[in-house]
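I have placed the structure first, in the form of structure tokens, so that the comments after it can refer back to it.
The values are calculated or read from the model by the stated rules, or taken from the named source; none is laboratory data. Note that the structure is predicted; figures quoted are calculated from it, not measured. In this analysis, Cβ positions are derived from the backbone assuming ideal geometry, glycine residues included, and neighbour counts consider all displayed protein chains.
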Amino acid sequence: MTRPSPVPAAPGVYAWYFTDPPAQVPLVDCHRIDDAVLLYVGISPGPAPRNGKPPSSQSLRPRIRTHFNGNAEGSTLRLTLGCLLTPALGIELRRVGSGRRLTFSTGEHKLSEWMGQHARVAWVQHPEPWIPEEVLIRELVLPLNLDQNAHSGFRMELKTIRSGSREKARALPVLPR
């Protein structure tokens, strides 16, 4: 998060390691470096849309920054971590603003602090990051990845946790921005 950022403004793949992962996450066979365990990989940008729209011009730098300091609406990683850490951090998913957006509202800062203490990110530049991403998801145990990860034993449990959080949020009053 420092400026200038060490993260390049280029396309690539990023990998999220955690030193104190949420308790529910199975860690068997996950890749480890020292005291950190790899739980999620992502890319920026994604492949060009098939509908003919122009491809995203986003790079690693803003994507990683969004995961670290954004909100659950803009980051599936933050949504997943927040849902898993709801009891531990005392946060909950809520509808905000117009009621269509779901975030952890005032709890987003707690999630950012938790990530600052327990999350580490590595990246590699690649002109077509969706190619290595597909291989990584297929070959590694990545319990927090949902897309392309049907072989994960944790996938259905994670989807249920996230769905339950969304359902609960939709039943609660909308919070102002």
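For segment 121-163, enumerate the residues that are touching a residue at least 60 places away in the same chain (Cβ under 8 Å) and assigned to a helix (DSSP H, G or I).
Correct list: 130, 132, 133, 136, 137, 157, 158, 161, 162.
Could you grab me the full set of residues in segment 84-111 that are in contact with a helix residue (DSSP H, G or I) (Cβ under 7 Å, 6 or more places away or on another chain), charged (D, E, K, R) and surrounded by fewer than 19 Cβ atoms within 10 Å (Cβ to Cβ)?
92, 110
Out of 21, 47, 54, 26, I need the residue that is in a loop (DSSP other than H, G, I, E, B), of a type outside the set (A, V, I, L, M, F, W, C) and crowded, with 21+ Cβ neighbours inside 10 Å. Which one?
On inspection, the qualifying residue turns out to be 21.
Is there any pair linking a residue in segment 106-120 that is over 22 Å from residue 177 (Cβ atoms) to one that is outside any helix (DSSP H, G or I) and at pLDDT below 95, with Cβ under 9 Å and at least six apart or on different chains, and which?
Short answer, once both residue conditions are applied: 116/1.
Of everything in segment 164-177 that's assigned to a helix (DSSP H, G or I) and of a type outside the set (S, T, N, Q), which residue is surrounded by the fewest Cβ atoms within 10 Å (Cβ to Cβ)?
So the residue we want is 171.
Which of the following residues is part of a loop (DSSP other than H, G, I, E, B), of a type outside the set (Lys, Arg), touching a residue at least 24 places away in the same chain (Cβ under 8 Å) and surrounded by 14 or more Cβ atoms within 10 Å (Cβ to Cβ): 41, 7?
7
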